[in-house]
Amino acid sequence: MMFKDQLAAIAPGFSYKNGRLEAGGVDLSEVVNAARGPVYVYSLDAVLENFLDFQRAFADQPTRICYAMKANDCLAILKLLGGAGSGVDVVSGGELALALSAGIPANRIVFSGVGKSDRELAQAVKAGVMQINVETQYELGQLAQIATSLGKEAPIALRVNPDLEAGTLDQISTGRATDKFGVAYEDAPRLYMEAEKTPGLAPKGIAMHIGSQIGNTDFLAAACAKLRSLWESLSASGLKLERFDVGGGLGIRYKNETAPLVQSYADTIKKAVSGLDAEVVLEPGRRIVGPAGVLLSTVISVKESGGRRFVILDAAMNDLIRPALYKAWHEIVPLIDPGSVPWTPADVVGPVCESTDKFADQRPLPPLQPGDQVAFLAAGAYGSVMGSEYNSRPRAAEAVVRDGQWSFTRNPRSYDDIIREQHAPAWL
Ligand code: LLP
(Lines give C-alpha, C1' and ligand atoms only; values in the text may rest on other atoms or scores of the structure.)
Protein backbone atom coordinates (compact mmCIF):
# COMPACT_ATOMS: atom_id res chain seq x y z
CA MET A 1 0.00 0.00 0.00
CA MET A 2 1.29 3.47 -0.90
CA PHE A 3 2.18 5.49 2.14
CA LYS A 4 -0.44 8.12 1.31
CA ASP A 5 -3.17 5.47 1.17
CA GLN A 6 -1.91 4.17 4.48
CA LEU A 7 -2.00 7.71 5.89
CA ALA A 8 -5.60 8.12 4.74
CA ALA A 9 -6.58 4.76 6.25
CA ILE A 10 -4.89 5.33 9.61
CA ALA A 11 -5.20 9.06 10.16
CA PRO A 12 -8.09 10.44 8.11
CA GLY A 13 -7.68 13.98 9.52
CA PHE A 14 -4.12 14.29 8.16
CA SER A 15 -3.04 14.75 4.54
CA TYR A 16 -0.46 16.42 2.30
CA LYS A 17 -1.34 19.83 0.85
CA ASN A 18 1.22 21.40 -1.46
CA GLY A 19 3.64 18.70 -0.38
CA ARG A 20 3.35 19.42 3.36
CA LEU A 21 1.56 17.40 6.02
CA GLU A 22 -1.48 19.26 7.30
CA ALA A 23 -4.35 18.82 9.70
CA GLY A 24 -7.22 21.20 10.37
CA GLY A 25 -5.81 23.51 7.72
CA VAL A 26 -2.53 23.89 9.63
CA ASP A 27 0.92 23.09 8.25
CA LEU A 28 2.27 20.79 10.96
CA SER A 29 5.87 21.90 10.52
CA GLU A 30 4.76 25.29 11.85
CA VAL A 31 3.72 23.61 15.12
CA VAL A 32 6.85 21.51 15.57
CA ASN A 33 9.06 24.50 14.77
CA ALA A 34 7.30 26.56 17.44
CA ALA A 35 7.54 23.73 19.98
CA ARG A 36 11.30 23.39 19.40
CA GLY A 37 10.98 19.77 20.49
CA PRO A 38 8.60 16.81 20.24
CA VAL A 39 4.94 17.83 20.18
CA TYR A 40 1.65 15.96 20.02
CA VAL A 41 -0.91 17.48 17.68
CA TYR A 42 -4.61 16.60 17.79
CA SER A 43 -7.17 17.38 15.13
CA LEU A 44 -10.27 18.53 17.00
CA ASP A 45 -12.44 17.81 13.97
CA ALA A 46 -11.17 14.25 13.84
CA VAL A 47 -11.79 13.73 17.58
CA LEU A 48 -15.32 15.07 17.28
CA GLU A 49 -16.06 12.99 14.20
CA ASN A 50 -14.96 9.83 16.01
CA PHE A 51 -17.20 10.69 18.97
CA LEU A 52 -20.14 11.45 16.68
CA ASP A 53 -19.67 8.03 15.05
CA PHE A 54 -20.55 6.48 18.40
CA GLN A 55 -23.38 8.92 19.06
CA ARG A 56 -24.96 8.23 15.67
CA ALA A 57 -24.51 4.47 15.83
CA PHE A 58 -26.23 4.31 19.24
CA ALA A 59 -28.90 6.95 18.50
CA ASP A 60 -31.73 4.41 18.71
CA GLN A 61 -30.60 2.95 22.04
CA PRO A 62 -30.52 4.79 25.38
CA THR A 63 -26.77 5.21 25.75
CA ARG A 64 -24.31 7.26 27.77
CA ILE A 65 -20.89 7.59 26.12
CA CYS A 66 -18.23 8.05 28.79
CA TYR A 67 -14.99 8.85 26.98
CA ALA A 68 -12.12 7.01 28.73
CA MET A 69 -9.89 9.99 29.42
CA LYS A 70 -6.95 7.77 30.37
CA ALA A 71 -6.33 7.58 26.63
CA ASN A 72 -5.80 11.33 26.38
CA ASP A 73 -6.51 13.88 29.08
CA CYS A 74 -5.99 17.02 26.98
CA LEU A 75 -8.25 19.67 28.50
CA ALA A 76 -9.34 20.99 25.10
CA ILE A 77 -10.45 17.50 24.09
CA LEU A 78 -12.39 17.06 27.33
CA LYS A 79 -14.14 20.39 26.75
CA LEU A 80 -14.88 19.53 23.13
CA LEU A 81 -16.35 16.14 24.00
CA GLY A 82 -18.23 17.43 27.04
CA GLY A 83 -19.76 20.09 24.83
CA ALA A 84 -20.89 17.40 22.40
CA GLY A 85 -22.67 15.55 25.21
CA SER A 86 -20.03 13.06 26.26
CA GLY A 87 -19.45 11.89 29.79
CA VAL A 88 -16.10 10.50 30.91
CA ASP A 89 -14.70 7.37 32.46
CA VAL A 90 -12.09 8.29 35.08
CA VAL A 91 -9.65 6.03 36.89
CA SER A 92 -8.11 8.29 39.51
CA GLY A 93 -8.82 11.27 41.69
CA GLY A 94 -6.60 13.31 39.38
CA GLU A 95 -8.66 12.43 36.32
CA LEU A 96 -11.86 13.17 38.25
CA ALA A 97 -10.58 16.60 39.24
CA LEU A 98 -9.47 17.32 35.67
CA ALA A 99 -12.80 16.18 34.20
CA LEU A 100 -14.76 18.39 36.60
CA SER A 101 -12.46 21.32 35.84
CA ALA A 102 -13.21 20.80 32.14
CA GLY A 103 -16.89 21.25 32.94
CA ILE A 104 -17.97 17.62 32.57
CA PRO A 105 -21.09 17.28 34.75
CA ALA A 106 -20.56 14.82 37.61
CA ASN A 107 -23.69 12.93 36.65
CA ARG A 108 -21.96 11.87 33.43
CA ILE A 109 -18.85 10.49 35.14
CA VAL A 110 -18.04 6.83 35.75
CA PHE A 111 -15.24 6.08 38.20
CA SER A 112 -13.45 2.84 37.29
CA GLY A 113 -10.29 1.19 38.58
CA VAL A 114 -9.17 -1.87 40.45
CA GLY A 115 -8.05 0.09 43.53
CA LYS A 116 -9.39 3.40 44.76
CA SER A 117 -8.13 5.10 47.88
CA ASP A 118 -10.47 6.34 50.63
CA ARG A 119 -9.66 9.84 49.52
CA GLU A 120 -10.58 9.12 45.91
CA LEU A 121 -13.84 7.43 46.86
CA ALA A 122 -14.82 10.33 49.13
CA GLN A 123 -13.99 12.76 46.32
CA ALA A 124 -16.24 10.80 43.93
CA VAL A 125 -19.14 10.53 46.39
CA LYS A 126 -18.94 14.23 47.25
CA ALA A 127 -18.84 15.18 43.58
CA GLY A 128 -21.93 13.05 42.96
CA VAL A 129 -20.61 10.93 40.10
CA MET A 130 -23.03 8.87 38.04
CA GLN A 131 -21.50 5.53 38.97
CA ILE A 132 -18.58 3.98 40.78
CA ASN A 133 -17.49 0.68 39.26
CA VAL A 134 -16.54 -1.48 42.22
CA GLU A 135 -13.96 -4.20 41.65
CA THR A 136 -13.50 -5.97 45.00
CA GLN A 137 -15.58 -7.07 47.96
CA TYR A 138 -13.32 -4.92 50.12
CA GLU A 139 -14.20 -1.85 48.07
CA LEU A 140 -17.92 -2.39 48.75
CA GLY A 141 -17.29 -2.06 52.48
CA GLN A 142 -14.86 0.80 52.01
CA LEU A 143 -17.33 2.73 49.88
CA ALA A 144 -20.35 1.99 52.13
CA GLN A 145 -18.50 3.37 55.10
CA ILE A 146 -17.36 6.50 53.26
CA ALA A 147 -20.79 7.18 51.74
CA THR A 148 -22.68 6.77 55.02
CA SER A 149 -20.21 8.98 56.86
CA LEU A 150 -20.93 11.65 54.22
CA GLY A 151 -24.68 11.05 54.55
CA LYS A 152 -24.90 9.90 50.94
CA GLU A 153 -25.72 6.84 48.91
CA ALA A 154 -23.14 5.81 46.31
CA PRO A 155 -24.49 4.60 42.94
CA ILE A 156 -22.48 1.53 42.05
CA ALA A 157 -21.95 -1.07 39.40
CA LEU A 158 -19.94 -4.20 39.98
CA ARG A 159 -17.26 -4.71 37.39
CA VAL A 160 -17.64 -8.37 36.66
CA ASN A 161 -14.81 -10.42 35.26
CA PRO A 162 -16.43 -12.65 32.62
CA ASP A 163 -13.38 -14.91 32.39
CA LEU A 164 -13.10 -14.62 28.62
CA GLU A 165 -10.43 -13.72 26.10
CA ALA A 166 -10.51 -10.42 24.22
CA GLY A 167 -8.31 -11.47 21.30
CA THR A 168 -5.82 -8.68 21.93
CA LEU A 169 -2.33 -8.26 23.38
CA ASP A 170 -1.67 -10.07 26.63
CA GLN A 171 -0.66 -6.84 28.38
CA ILE A 172 -3.96 -5.14 27.60
CA SER A 173 -6.34 -8.08 28.14
CA THR A 174 -8.36 -7.59 31.29
CA GLY A 175 -11.30 -10.00 31.29
CA ARG A 176 -9.72 -13.36 32.15
CA ALA A 177 -10.12 -14.83 35.63
CA THR A 178 -6.36 -14.60 36.10
CA ASP A 179 -6.31 -10.86 35.35
CA LYS A 180 -6.45 -8.51 38.33
CA PHE A 181 -9.68 -6.85 37.24
CA GLY A 182 -13.25 -7.15 38.45
CA VAL A 183 -15.08 -9.47 40.80
CA ALA A 184 -15.28 -13.13 39.89
CA TYR A 185 -18.35 -14.00 37.85
CA GLU A 186 -19.46 -16.62 40.39
CA ASP A 187 -19.20 -14.17 43.29
CA ALA A 188 -21.19 -11.42 41.62
CA PRO A 189 -24.76 -12.51 42.64
CA ARG A 190 -23.80 -12.74 46.31
CA LEU A 191 -22.02 -9.37 46.21
CA TYR A 192 -25.00 -7.69 44.54
CA MET A 193 -27.35 -9.05 47.20
CA GLU A 194 -24.99 -7.88 49.92
CA ALA A 195 -24.63 -4.44 48.34
CA GLU A 196 -28.37 -4.04 48.02
CA LYS A 197 -28.78 -4.52 51.76
CA THR A 198 -25.87 -2.26 52.68
CA PRO A 199 -26.65 1.31 53.74
CA GLY A 200 -24.73 3.79 51.61
CA LEU A 201 -24.70 1.62 48.49
CA ALA A 202 -27.18 1.75 45.62
CA PRO A 203 -26.57 -0.91 42.96
CA LYS A 204 -27.44 0.67 39.62
CA GLY A 205 -25.56 -1.27 37.03
CA ILE A 206 -23.36 -4.05 35.81
CA ALA A 207 -20.00 -3.35 34.21
CA MET A 208 -17.25 -5.05 32.26
CA HIS A 209 -14.13 -4.16 30.31
CA ILE A 210 -12.39 -7.10 28.71
CA GLY A 211 -9.44 -5.39 27.07
CA SER A 212 -8.19 -2.78 24.68
CA GLN A 213 -7.44 -2.68 20.95
CA ILE A 214 -10.08 -5.35 20.32
CA GLY A 215 -10.28 -6.18 16.64
CA ASN A 216 -13.15 -8.62 16.65
CA THR A 217 -16.51 -7.81 18.19
CA ASP A 218 -17.31 -11.51 18.74
CA PHE A 219 -15.26 -11.31 21.95
CA LEU A 220 -17.40 -8.45 23.17
CA ALA A 221 -20.58 -10.27 22.20
CA ALA A 222 -19.54 -13.30 24.24
CA ALA A 223 -18.75 -11.21 27.29
CA CYS A 224 -22.00 -9.24 26.99
CA ALA A 225 -23.93 -12.50 26.79
CA LYS A 226 -22.42 -13.64 30.08
CA LEU A 227 -23.23 -10.35 31.76
CA ARG A 228 -26.73 -10.41 30.34
CA SER A 229 -27.48 -13.76 31.91
CA LEU A 230 -26.22 -12.40 35.23
CA TRP A 231 -28.44 -9.31 34.79
CA GLU A 232 -31.42 -11.59 34.11
CA SER A 233 -30.82 -13.79 37.12
CA LEU A 234 -30.41 -10.73 39.36
CA SER A 235 -33.61 -9.34 37.97
CA ALA A 236 -35.37 -12.65 38.66
CA SER A 237 -34.24 -12.41 42.27
CA GLY A 238 -35.74 -8.94 42.52
CA LEU A 239 -32.73 -6.72 41.89
CA LYS A 240 -33.58 -4.17 39.25
CA LEU A 241 -30.53 -2.63 37.55
CA GLU A 242 -30.55 0.34 35.18
CA ARG A 243 -27.20 0.46 33.40
CA PHE A 244 -25.27 -2.03 31.31
CA ASP A 245 -21.68 -0.77 31.07
CA VAL A 246 -19.75 -2.59 28.34
CA GLY A 247 -16.46 -0.78 28.96
CA GLY A 248 -14.23 0.36 26.10
CA GLY A 249 -11.74 -1.45 23.94
CA LEU A 250 -12.76 -0.97 20.32
CA GLY A 251 -9.59 -1.21 18.23
CA ILE A 252 -8.14 1.05 15.56
CA ARG A 253 -5.83 0.58 12.61
CA TYR A 254 -2.13 1.07 13.32
CA LYS A 255 -0.64 -1.05 10.53
CA ASN A 256 -2.82 -3.45 8.59
CA GLU A 257 -5.46 -4.41 11.15
CA THR A 258 -9.08 -4.17 10.07
CA ALA A 259 -10.74 -2.16 12.78
CA PRO A 260 -14.42 -3.05 13.21
CA LEU A 261 -16.80 -0.32 12.10
CA VAL A 262 -18.40 1.58 14.97
CA GLN A 263 -21.74 0.68 13.41
CA SER A 264 -21.05 -3.06 13.60
CA TYR A 265 -19.78 -2.63 17.15
CA ALA A 266 -23.04 -0.84 17.97
CA ASP A 267 -25.10 -3.56 16.32
CA THR A 268 -23.28 -6.17 18.41
CA ILE A 269 -23.91 -4.32 21.66
CA LYS A 270 -27.52 -3.44 20.87
CA LYS A 271 -28.25 -7.05 19.99
CA ALA A 272 -26.65 -8.19 23.24
CA VAL A 273 -28.90 -5.97 25.37
CA SER A 274 -32.05 -6.08 23.25
CA GLY A 275 -35.18 -6.42 25.32
CA LEU A 276 -33.49 -5.33 28.54
CA ASP A 277 -34.68 -2.10 30.10
CA ALA A 278 -31.12 -0.82 30.23
CA GLU A 279 -29.16 2.29 29.47
CA VAL A 280 -25.93 1.23 27.77
CA VAL A 281 -22.75 2.85 29.05
CA LEU A 282 -19.75 2.93 26.71
CA GLU A 283 -16.20 3.79 27.73
CA PRO A 284 -14.34 4.24 24.44
CA GLY A 285 -10.91 5.83 24.62
CA ARG A 286 -8.52 4.82 21.86
CA ARG A 287 -11.15 4.80 19.13
CA ILE A 288 -12.04 8.45 19.76
CA VAL A 289 -8.59 10.00 20.09
CA GLY A 290 -6.07 7.49 18.69
CA PRO A 291 -6.39 8.23 14.96
CA ALA A 292 -6.86 11.96 15.65
CA GLY A 293 -3.36 12.57 17.02
CA VAL A 294 0.23 12.50 15.81
CA LEU A 295 3.55 12.94 17.53
CA LEU A 296 5.88 15.26 15.63
CA SER A 297 9.61 14.95 15.93
CA THR A 298 12.77 16.25 14.28
CA VAL A 299 15.70 14.18 13.06
CA ILE A 300 18.80 14.91 15.16
CA SER A 301 21.22 12.80 13.18
CA VAL A 302 21.58 9.80 10.93
CA LYS A 303 24.26 7.17 10.75
CA GLU A 304 25.17 3.91 9.05
CA SER A 305 26.49 1.36 11.47
CA GLY A 306 26.48 -2.43 11.77
CA GLY A 307 25.09 -2.51 8.26
CA ARG A 308 22.03 -0.56 9.35
CA ARG A 309 20.70 2.92 8.77
CA PHE A 310 19.89 4.61 12.07
CA VAL A 311 17.64 7.65 12.20
CA ILE A 312 18.04 9.38 15.55
CA LEU A 313 15.09 11.56 16.53
CA ASP A 314 14.57 14.19 19.19
CA ALA A 315 11.57 12.19 20.46
CA ALA A 316 12.23 9.19 22.67
CA MET A 317 10.56 6.44 24.67
CA ASN A 318 9.71 8.98 27.36
CA ASP A 319 7.47 10.75 24.81
CA LEU A 320 5.89 7.67 23.21
CA ILE A 321 6.46 4.49 25.16
CA ARG A 322 4.13 2.13 23.30
CA PRO A 323 6.79 0.71 20.93
CA ALA A 324 9.19 0.02 23.83
CA LEU A 325 6.50 -1.32 26.14
CA TYR A 326 4.32 -3.37 23.80
CA LYS A 327 6.38 -3.53 20.61
CA ALA A 328 3.53 -1.44 19.25
CA TRP A 329 3.67 -0.24 15.67
CA HIS A 330 3.25 3.43 14.78
CA GLU A 331 3.57 4.45 11.15
CA ILE A 332 6.15 7.17 10.57
CA VAL A 333 5.76 9.64 7.71
CA PRO A 334 7.83 12.68 6.75
CA LEU A 335 6.26 16.14 7.12
CA ILE A 336 7.43 17.00 3.61
CA ASP A 337 6.14 14.75 0.84
CA PRO A 338 9.26 12.88 -0.34
CA GLY A 339 7.83 12.34 -3.82
CA SER A 340 8.68 9.10 -5.56
CA VAL A 341 12.08 8.37 -3.99
CA PRO A 342 12.80 4.77 -2.92
CA TRP A 343 12.12 3.91 0.72
CA THR A 344 14.81 1.85 2.42
CA PRO A 345 14.96 0.20 5.86
CA ALA A 346 15.97 2.24 8.88
CA ASP A 347 16.04 1.77 12.63
CA VAL A 348 14.28 4.76 14.14
CA VAL A 349 15.52 5.51 17.63
CA GLY A 350 15.46 8.18 20.31
CA PRO A 351 18.32 9.66 22.33
CA VAL A 352 17.56 7.85 25.63
CA CYS A 353 20.39 5.69 26.92
CA GLU A 354 18.88 2.26 26.53
CA SER A 355 18.37 -0.06 23.62
CA THR A 356 14.60 -0.29 24.18
CA ASP A 357 14.42 3.34 23.10
CA LYS A 358 13.58 2.25 19.58
CA PHE A 359 10.47 3.22 17.65
CA ALA A 360 10.92 1.04 14.62
CA ASP A 361 13.13 -1.76 13.45
CA GLN A 362 14.22 -1.89 9.80
CA ARG A 363 11.29 0.27 8.77
CA PRO A 364 11.10 1.39 5.14
CA LEU A 365 11.54 5.17 5.11
CA PRO A 366 12.52 7.78 2.56
CA PRO A 367 15.95 9.43 2.81
CA LEU A 368 16.07 11.56 5.98
CA GLN A 369 18.59 14.22 6.96
CA PRO A 370 19.23 16.04 10.23
CA GLY A 371 16.54 18.70 10.61
CA ASP A 372 13.89 16.77 8.67
CA GLN A 373 10.65 16.30 10.54
CA VAL A 374 8.44 13.26 10.89
CA ALA A 375 5.04 12.35 12.29
CA PHE A 376 4.13 9.21 14.23
CA LEU A 377 0.59 8.33 13.22
CA ALA A 378 -2.28 7.18 15.44
CA ALA A 379 -0.50 8.54 18.50
CA GLY A 380 -3.50 10.35 19.98
CA ALA A 381 -4.28 7.56 22.47
CA TYR A 382 -1.91 6.43 25.21
CA GLY A 383 0.78 8.73 23.86
CA SER A 384 1.22 11.94 25.82
CA VAL A 385 -0.57 10.52 28.88
CA MET A 386 2.05 7.80 29.21
CA GLY A 387 4.88 10.28 28.80
CA SER A 388 7.51 10.87 31.45
CA GLU A 389 10.57 13.01 32.02
CA TYR A 390 13.06 10.15 32.06
CA ASN A 391 16.58 11.46 31.40
CA SER A 392 15.29 14.91 32.49
CA ARG A 393 13.77 15.29 29.08
CA PRO A 394 10.90 17.79 29.31
CA ARG A 395 7.56 16.14 28.65
CA ALA A 396 6.38 16.71 25.07
CA ALA A 397 4.15 19.69 24.36
CA GLU A 398 0.62 19.26 23.04
CA ALA A 399 -1.33 21.32 20.53
CA VAL A 400 -4.73 21.25 18.88
CA VAL A 401 -5.68 22.30 15.35
CA ARG A 402 -8.96 23.32 13.75
CA ASP A 403 -10.12 25.69 11.01
CA GLY A 404 -6.65 26.89 10.13
CA GLN A 405 -5.82 27.73 13.76
CA TRP A 406 -3.57 26.01 16.22
CA SER A 407 -2.72 26.46 19.91
CA PHE A 408 -0.57 24.77 22.45
CA THR A 409 -2.72 23.05 25.07
CA ARG A 410 0.33 21.94 27.03
CA ASN A 411 3.18 24.40 26.71
CA PRO A 412 6.68 23.26 25.81
CA ARG A 413 8.41 22.79 29.15
CA SER A 414 11.69 24.45 29.95
CA TYR A 415 14.57 23.09 31.97
CA ASP A 416 13.60 25.66 34.61
CA ASP A 417 10.18 24.01 34.86
CA ILE A 418 11.90 20.72 35.64
CA ILE A 419 14.36 22.23 38.12
CA ARG A 420 11.68 24.25 39.92
CA GLU A 421 9.67 21.16 40.83
CA GLN A 422 12.39 19.62 42.99
CA HIS A 423 13.56 20.71 46.41
CA ALA A 424 16.67 19.67 48.29
CA PRO A 425 16.18 19.80 52.06
CA ALA A 426 17.60 22.81 53.87
CA TRP A 427 19.46 20.43 56.20
CA LEU A 428 21.54 18.88 53.43
N1 LLP B 1 -12.61 1.36 30.48
C2 LLP B 1 -11.72 0.77 31.30
C3 LLP B 1 -12.17 0.28 32.60
C4 LLP B 1 -10.39 0.64 30.89
O5 LLP B 1 -9.52 0.04 31.70
C6 LLP B 1 -9.98 1.12 29.62
C7 LLP B 1 -8.59 1.00 29.17
C8 LLP B 1 -10.95 1.76 28.82
C9 LLP B 1 -12.26 1.84 29.27
C10 LLP B 1 -10.63 2.33 27.48
O11 LLP B 1 -10.20 1.38 26.59
P12 LLP B 1 -9.94 1.77 25.06
O13 LLP B 1 -11.29 2.10 24.44
O14 LLP B 1 -9.06 2.93 25.03
O15 LLP B 1 -9.34 0.56 24.47
N16 LLP B 1 -1.81 1.72 27.42
C17 LLP B 1 -2.36 0.70 26.56
C18 LLP B 1 -3.87 0.62 26.69
C19 LLP B 1 -4.36 0.39 28.09
C20 LLP B 1 -5.85 0.37 28.20
C21 LLP B 1 -6.27 0.36 29.61
N22 LLP B 1 -7.68 0.40 29.83
C23 LLP B 1 -1.90 0.96 25.14
O24 LLP B 1 -1.12 1.89 24.93
O25 LLP B 1 -2.28 0.23 24.22
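Looking at 266, 272, just one residue is in a helix (DSSP H, G or I), modelled with pLDDT of 95 or more and within 15 Å of the ligand (Cβ to nearest atom), and that residue is 266.
Okay, residues lined up against (1) in a strand (DSSP E or B); (2) more than 17 Å from residue 11 (Cβ to Cβ):
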position: 328; (1), (2): no, no
position: 347; (1), (2): yes, yes
position: 355; (1), (2): no, yes
position: 368; (1), (2): no, yes
position: 394; (1), (2): no, yes
position: 401; (1), (2): yes, no
position: 412; (1), (2): no, yes
position: 424; (1), (2): no, yes
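Quick grid of which residues meet (1) outside any helix (DSSP H, G or I); (2) of a type outside the set (A, V, I, L, M, F, W, C); (3) within 16 Å of the ligand (Cβ to nearest atom):
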| position | (1), (2), (3) |
| --- | --- |
| 47 | no, no, yes |
| 60 | yes, yes, no |
| 81 | no, no, yes |
| 97 | no, no, no |
| 107 | no, yes, no |
| 119 | no, yes, no |
| 126 | no, yes, no |
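Taken as a whole, the condition of being within 24 Å of the chain's Cα centre (by Cα), more than 16 Å from the ligand (Cβ to nearest atom) and either touching a residue at least 60 places away in the same chain (Cβ under 8 Å) or surrounded by 15 or more Cβ atoms within 10 Å (Cβ to Cβ) (or both) does not apply to residue 255. When segment 212-247 is filtered for residues that are within 25 Å of residue 7 (Cα to Cα) and in contact (Cβ under 8 Å) with a residue 60 or more places away in the chain, the ones remaining, listed by number, are 212, 213.
Among the conditions (1) on the phi > 0 side of the Ramachandran plot; (2) out of contact with any helix residue (DSSP H, G or I) (no Cβ under 8 Å at 6 or more places or on another chain); (3) open to solvent by 60 Å² or more (accessible area, probe 1.4 Å), the only one that residue 261 does not satisfy is (1).
Taken over segment 170-190, the criterion of being touching a residue at least 40 places away in the same chain (Cβ under 8 Å), open to solvent by less than 30 Å² (accessible area, probe 1.4 Å) and not hydrophobic (A, V, I, L, M, F, W, C) is satisfied by 175, 182.
The values are calculated or read from the model by the stated rules, or taken from the named source; none is laboratory data. Bear in mind that the values here come from a model prediction, so they are computed numbers and not experimental data. Every residue, glycine as well, gets a Cβ built from its backbone with ideal geometry; the counts of neighbours run over all protein chains shown. For the accessible areas, the whole protein counts, side chains as well, though only heavy atoms, and no ligand, DNA or RNA atoms are used. Shrake-Rupley method; radii C 1.70, N 1.55, O 1.52, S 1.80 Å.
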